[in-house]
Amino acid sequence: MALNTNRRLAFRGCTCCDETLTLQGSRLSRRKLLGGAAGLALASLVSPLARAQAPAKAWIVDVHHHLAPPAYIADLTKRKLGERPTLEWTPEKSLADMDNAGVATAILSITTPGVWFGDDAAAVPLARACNEYGAKLAADGARRFGMFATLPLPNIDASLREIEYALDTLKVNGIGLFTSYGDKWLGDPALAPVMDELNRRKAVVYTHPIDANCCRNLLAGVPGPVIEYGTDTTRTIASLLFTGTASRCPDVKFIFSHGGGTMPFLIERFVRLPLTSKAAAEKTPEGVTALLQRFHYDTAQVANPAAMAALTKVVPTSQILFGTDFPFRTARDHVDGLKQIFDEADLRKIGSDNARALLPRLQPA
């Protein structure tokens, strides 16, 4: 697999997470992990403010909300990677933003550049440290947080073990994947063992875009998120459809960031491909539209009339979830934007009901 290693170098341990990393080889129950001595070690990393009760009128669920555990911040800082909002993240900042806009629960996930820096084995302890930290936040007090666990892909065997640990021991809400890993998108046969396991478990799979190897620094002065994030989301949707992965794995509950990227605008091309390609038709026996309408899409950075007009012509509002991309954008931005587009009934679906139906471990509104 050809992967760019300039951005992702080998992980070396840091003192801030030594106690957490000692847990990786054990088979602790969730009660022991989050309530015993190990839990105390993790608790020292988690702010007491994570136990703060939500405001009385808070009801929204944010499915696109990023965390940066101390181990992750330390590692990115050492490598001179990561953007300022990530490096300066704290649970307190998340809670303040949530409270300002009526968000009751935020489902946390690791954002770019992820945990793989060119060494398969080295990504394992960093992924574990991030997942255990997030699980501790999710288990604390008022349950203001949930967690989509990160995987040490492209290490397939370690990722399968992390899926088991995250879902069975940590009891996270789902798994977080990037749209591509090097030169492979989510429908690639190399990733099939992971997809098949997620399908067997009927897992919720949140996806976040990344700059693909092919397309970094193409336009001077235009950062990757401006164009490439939406484009790579579209590439991975196409990969899942036209490799047959989406049809083979019907029980994976995918969430695509940023309203599905550019897919809604390209819908005519997506739908027409099976009409001109026998191979594409064989891989999408249910039909492209039916498969796209099975997926879920979040509102992060697309809470505007143009993007939502396109998305809602492709999928019903039952498939749209509230997301903010915090700490890069605020919940208030998205609440205010969506209020200009949807009526109260649809806002309730998008803001809370759809997520609660998809993520049954969340506390009732």
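No value in this document is a laboratory result; all are computed from the given coordinates. Computed from a predicted model, the values in this text were never measured in an experiment. Methodologically, a virtual Cβ is constructed for each residue, glycine included, from the backbone with ideal geometry; neighbour enumeration extends over all protein chains shown.
Extension gain for the segment residue 160 to residue 92, taken as residue separation times 0.36 nm less the Cα-Cα distance, is 21.2 nm to one decimal. Taking the number of Cβ atoms within 10 Å of each Cβ as an exposure proxy, the fewest-first ranking of 211, 336, 298 is 336, 211, 298. Along its principal axes, region 208-275 has C-alpha extents of 39, 25, 21 angstrom, given from the largest down.
The residue 53 and residue 318 beta-carbon pair, evaluated with R₀ = 41 Å, returns a calculated FRET efficiency of approximately 0.90. Straightening the chain between residue 306 and residue 79 buys 77.9 nm, computed as 0.36 nm per residue apart minus the Cα-Cα spacing.
Cα-Cα pairs above 27 Å in region 59-358: how many percent?
37 percent
In percent, rounded to a whole number, the relative contact order of region 59-358 is 19, using alpha-carbon pairs under 8 Å and six or more apart. Exposure proxy shown here: for 349, 339, 57, the number of other Cβ atoms within 10 Å sets the order, fewest to most, as 57, 339, 349. Per-residue Cβ neighbour counts within 10 Å put 103, 302 in the sequence 302, 103, beginning with the fewest.
Please list, short to long, the whole-number percent of alpha-carbon pairs of region 270-360 in consecutive 10 angstrom bins beginning at zero. In order of increasing distance, the bins hold 16, 41, 25, 15, 2 percent. Computed as a quarter of the hull surface, the mean projected area of the alpha carbon convex hull for region 81-140 stands at 4.8 nm². Under 5 Å between amide hydrogens, built in the peptide plane, is the criterion, and for residue 178 it picks out 208 among residues at least 5 positions away or on other chains.
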